[in-house]
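Just below is one structure, and these are the notes that go with it.
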Amino acid sequence: MSRFKCTNCGQEIISEDKVACLFCGCDDTIQISDVQNESLTENVDNQNSNINNESYIENQESFMFHYVISVFIPFIGLLMGSILLTNDDNEKVSVGKICVILGILSIIISYFIIDSI
């Protein structure tokens, strides 16, 4: 006995040979082993893309810490930014620029807030 799956309704059919679906009448059925191999390949591809997305998100979260520090402790942010500006990695250089800009903006905004009080 072989197991088939209907491509139209998704029902499983157990039969000696390939037959029309007993549930919806569709003639297009495929063996379960073929379906399992296709779904296994799709799962592996999805897992690989999820790993790439997760590593991208982890990098963004680690840089988010730098941005928050740059806003709340501007001098540390300026120091971190200037250190990152000397790096060879273009992504870290751009993070360093943003940290320096956020640190300067934070100092300017806090000056105007304190000055108005």
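Observations, loosely collected:
- Scanning the stretch 73-117 for residues that are among the charged types (D, E, K, R) and without any contact (Cβ under 8 Å) to a residue 24 or more places away in the chain yields ASP88, ASP89, LYS92, LYS97, ASP115.
- Looking only at the stretch 85-100, and only at residues there that are surrounded by 15 or more Cβ atoms within 10 Å (Cβ to Cβ) and more than 24 Å from the chain's Cα centre (by Cα), the one that is nearest to MET64 (Cα to Cα): VAL100
- Matching residues in the stretch 94-116 - criterion: being farther than 8 Å from GLY81 by Cα and touching a Leu at 6+ places or on another chain (Cβ under 7 Å): GLY103
- For the stretch 84-99, the criterion of being modelled with pLDDT of 90 or more, hydroxyl-bearing (Ser, Thr, Tyr) and within 30 Å of TYR111 (Cβ to Cβ) is satisfied by at least one residue.
- One residue alone among SER33, SER55 is exposed (fewer than 14 other Cβ atoms within 10 Å of the Cβ), modelled with pLDDT of 55 or more and within 30 Å of SER2 (Cα to Cα), and that residue is SER33.
The values are calculated or read from the model by the stated rules, or taken from the named source; none is laboratory data. It should be emphasised that the depicted structure is a prediction, and the values quoted were computed from it without experimental measurement. Reconstructed Cβ throughout: ideal geometry from the backbone, glycine too, with neighbour counts over all protein chains shown.
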